[in-house]
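Chemist: What follows is a single structure, and I will ask about it in a moment.
The values are calculated or read from the model by the stated rules, or taken from the named source; none is laboratory data. Predicted, not measured: the structure shown is a model, and the values here were computed from it. Glycine gets a Cβ as well: all are built from the backbone with ideal geometry, and neighbour counts include every protein chain shown.
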Amino acid sequence: MKKIEAIIQPGSRDAVIAAIKKCGVGGVTVHQVQGQGAQDPPLVGQYFSRDLVICIVDDPKLDEIIDAIANVACTGTKGDGKVFVTDIVDALDICSKKRGTMDI
């Protein structure tokens, strides 16, 4: 399983979530975040507002979901965002104490 973290423009949040759900992903987590890109001029104490959408997906769906995110989040301008993918090696359902990556 993979964890997808998409940092996107706030205006594209609803479209990105809809695209992820259309691919069959049931759950997402959304955070409002602030940051600054590596290529941006240094802005002391000033950051850009973005949304961070996180979802856990099965490996075979990875490319489909990344493409869906890119298709709806891309405006063609600098600062549209980034998508990061990491491996999920284990998980724990706090209530049931079930471990593993199944049924996340």
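Chemist: From the residues in segment 27-45 that are aliphatic (A, V, I, L, M) and surrounded by 10 or more Cβ atoms within 10 Å (Cβ to Cβ), which one is farthest from residue 75 (Cα to Cα)?
Modeler: 28
Chemist: Within segment 1-26, track down each residue that is at pLDDT 90 or above, under 14 Å from the mean Cα position of the chain (by Cα) and surrounded by fewer than 13 Cβ atoms within 10 Å (Cβ to Cβ).
Modeler: Passing the criteria: 10, 14, 18.
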